[in-house]
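The values are calculated or read from the model by the stated rules, or taken from the named source; none is laboratory data. Small disclaimer: the values here were computed from a predicted structure and weren't measured. Note that we place each Cβ from the backbone using ideal geometry, even for glycine, and neighbour counts take in every protein chain shown. SASA here: full protein model, heavy atoms, side chains in, ligands and nucleic acids out. Shrake-Rupley method; radii C 1.70, N 1.55, O 1.52, S 1.80 Å.
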Amino acid sequence: MVGIDLLKVEGLDVSIAGRMILRDVNFRIDHGEFTGLIGSNGAGKTTLLRVILGVQEATRGRVSVHGQTLTRSNSSVGYVPQKVLFEPDLPVRVRDFVALGLDGGTFGVARRSRHSFELVDEMLEAVEASKLSNRRIGSLSGGEQQRVLVAHALVRKPELLLLDEPLASLDPGSAQEIIQLLHTVVVKQQVAVLMSAHEMNPLLPVMDRVVYVANGRVASGTTEEVVRSDVLSELYGHHVDVVRVHGRVLVVAGEGDHTKSTLADHPAVIVE
Amino acid sequence: MHFIFEPGFFSNTTVRTALVLGLLVSVVSAAIGVFTVVRGQSFAGHALTDVATAGGAGASLAVISPLIGFIGGGVLGAGAMDAIGVQRVKGRDIATGVVLGAATGLSALFLYLVTLQTSTTGSTQTILFGSVFTVEPSTLPDALWLTALVLATLFIIRRPLMMSSISPELAQSRGVRLRLVGLTFMVMLAVAVGLSAIVIGSILSTALLIGPPASALKFSNRFSTAVVFASVLGTLATWLGIILAYDSYYWSASHRGLPVSFFVVSLVVAQFVVANVLAQRRRVRVVHATEHHATPEQVGWI
């Protein structure tokens with residue numbers, strides 16, 4: 001739909017068990033954009049994704065897709081959760097797992113149609129995992145499992161794909177492969193991606209937009225607009241320096257009385 | 001083995017009832033057991049057998065069908081576990097433990113009262129360890145429709161159940177109502193345990209629920225294959241157990257037959273040991289072949 005944002009988050013507050021996790025979050029994502037959701041561990045990235053997904057209620061504010069308030073199990077949104085552990089003995093083939101992306105929420109006796117299997121094959125091909133089709137999912141490597149999870153999320157042809165820390169616990173080579181794969185998906189299938197990570201540098205080459213989470217607040221825009229000293233200092237509530245070295249971005253806490261405690265609270269700030 | 005030569009073994013009503021019941025219980029335990037193992041709810045399954053004991057003992061006191069007692073107790077137990085929080089990973093063991101403790105206490109009381117009432121320990125033995133040769137043929141229709149109920153329910157909820165068994169978070173994102181699916185599953189588990197209790201007793205029904213599925217899962221890459229494989233293993237163990245128990249009558253001069261449950265459980269354990277050895281050997285073969293650039297499929301990985 002031209003003229004309407006694919007995803008729009010407006011004035012979002014989220015409290016869990018009386019603790020304010022996110023406050024006054026505002027951002028939008030357009031069709032076919034690759035957006036990085038960046039923040040340290042515990043910043044509220046997963047909570048934000050769960051609210052967008054409709055499985056976590058917001059205290060205040062609105063999340064809309066195509067201008068419509070999001071409902072649970074919206075087929076416009078695909079999701080890859082954090083840390084899915086597939087036991088080696090899990091009796092599920094890769095193709096059956098991807099097919100569950102189509103009908104895993106459905107009760108009934110109906111058999112899968114030929115069209116379903118064609119879609120499954122198409123998605124496995126899109127993530128370059130066709131040769132894994134008949135393998136047991138628990139026998140795959142971490143990188144292969146991430147590909148299959150992406151295929152599972154894409155099989156319903158969503159317009160927005162949410163990924164929660166898909167690079168966690170992957171070696172750098174596999175992480176790069178997943179990023180390139182997602183970039184290809186964005187370009188070829190015009191799917192918008194919102195992907196959380198605590199390390200922004202691997203995403204820099206493919207990221208159209210960044211949503212930076214810190215202290216329960218969010219800054220969004222292009223990397224150049226957001227990853228700046230003044231913006232991040234405002235977000236963190238103390239002085240932060242942003243240094244660009246050899247194409248990498250380093251976010252370091254600036255000098256000040258409260259610097260030490262802030263560093264301890266937000267270790268990712270040092271890394272980036 | 002005398003049964004081979006003994007005329008009329010298979011036409012004996014008691015034996016036929018036992019064999020049919022054994023088949024039904026093996027199939028239903030396999031179907032529910034595969035999901036129980038994958039969902040990591042074996043402890044909950046075992047706890048339900050203890051709850052079923054309380055139900056069976058209560059039924060014996062009230063002089064009603066033990067099947068009603070076993071299943072009624074199990075269903076109440078499943079509801080209690082769900083209410084306490086068996087669906088949550090962190091609350092699972094607590095919910096199971098609380099219900100298990102309460103049920104064991106009730107079982108102790110009811111079994112004591114049963115012993116007082118009947119002046120023998122025969123009923124207690126039957127409730128705890130089963131006695132398939134004493135089951136009336138009139139129980140078969142009930143067992144048959146209860147088996148059909150469990151299998152049909154599992155078939156209808158199979159996809160959301162698979163999703164929630166693989167990853168509750170992923171299932172939730174697909175709109176699966178985890179509580180509804182989990183509670184339905186627990187109630188069906190209670191029915192399966194109740195049925196199994198008739199054949200090998202409430203205490204030992206865990207063996208059929210967990211053993212054959214655990215063995216089958218080592219060689220299956222689909223839920224449906226695992227259920228079929230576990231059904232075959234369970235039926236083999238149950239039927240062979242019945243045959244051996246029948247035959248054991250002739251093994252000693254005193255002509256005292258040994259309990260069916262002992263043979264069934266021994267065979268289930270033997271199957272599990274063999275399955276583990278075979279799975280381990282296959283793993284070694286796959287690693288060796290992969291080192292020599294063969295694909296897992298080429299060396300029979302399923």
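Before moving on, here are some points about what is shown:
- Stretching residue A:69 away from residue A:250 to a fully extended chain increases their span by 61.5 nm, per 0.36 nm per residue minus the current alpha-carbon distance.
- If you plug the beta carbon distance of residue A:82 and residue B:140 into 1/(1 + (r/R0)^6) with R0 = 51 Å, you get a FRET efficiency near 0.55.
- Extension gain from residue B:180 to residue B:102, taking 0.36 nm per residue of separation minus the Cα-Cα distance: 25.6 nm
- In range of the label at residue B:222: residues from segment A:134-153 whose backbone nitrogen is under 18 Å from the point 7 Å along Cα→Cβ: A:134-139
- Signed unit charges on C-beta, dipole axis of segment B:13-301, positive-most listed residue B:170, B:266, B:96: B:170
- Over segment B:108-248, the Kirkwood radius and the radius of gyration, each from Cα atoms, give a ratio Rg/Rh of 1.04.
- Using bins of 10 Å that start at zero, the share of Cα-Cα pairs per bin across the protein assembly as shown amounts to 3, 16, 22, 20, 16, 12, 7, 3, 1, 0, in whole %.
- Between the beta carbons of residue B:280 and residue B:232, assuming R0 = 22 Å, the FRET efficiency works out to 0.55 to the nearest 0.05.
- Here residue A:131 is the anchor, and the aspartates and glutamates within straight C-alpha reach of less than 19 Å, apart from those fewer than 8 places off in the same chain, are A:96, A:118, A:121, A:122, A:144, A:177, B:291, B:297.
- Max mean-square fluctuation residue, GNM over chain B, Cα-Cα springs under 10 Å, options B:56, B:130, B:122: B:122
- Just checking the listed ones, A:46, A:59, A:106: in the Gaussian network model of chain A with Cα springs under 10 Å, the one fluctuating most is A:106.
- Spacing of the two label points (7 Å from each Cα toward its C-beta) at residue A:57 and residue B:93, in nm: 3.2
- Sum of -39500 (n - 2.57) over DSSP H runs of 4+, divided by residues of chain B (222 nm, nearest 500): -26500 deg cm²/dmol
- Residues whose amide H comes within less than 5 Å of that of residue A:240, counting only those at least five positions distant or on another chain, are A:233, A:254 (H built at 1.01 Å from N in the peptide plane).
- When only alpha carbons of segment A:95-177 are considered, Rg and Dmax amount to 13.2, 43 Å.
- Take the Cα of residue B:117, step 7 Å toward its Cβ, do the same at residue B:11, and the gap between the two points is 3.9 nm.
- Debye, to nearest 20: dipole size of chain B, +1 on Lys, Arg Cβ, -1 on Asp, Glu Cβ: 900
- Surface analysis of the protein assembly as shown yields an accessible area of 43 Å² per residue, using protein heavy atoms and a 1.4 Å probe.
- Here residue A:168 and residue B:83 are evaluated by their C-beta separation; at R0 = 30 Å the FRET efficiency comes out at 0.30.
- The separation of segment B:126-142 from segment A:5-38, counted between C-alpha centres, amounts to 60 Å.
- Panel values: chain A, Kirkwood radius from alpha carbon pairs, Stokes-Einstein at 37 °C and 0.692 mPa s, translational diffusion coefficient 168 µm²/s.
- Candidate membrane-span-like segments in chain B, meaning DSSP H helices with Cα atoms spread over at least 20 Å of their own axis and a Kyte-Doolittle mean of 1.6 or above, are B:13-38, B:178-200, with no membrane implied.
- Cα-based radius of gyration of segment B:190-236 once divided by 2.2 N^0.38 Å, which approximates compact folds: 1.15
- Taking the convex hull of Cα positions in segment B:13-301, its mean projected area over all directions (nm²): 17.2
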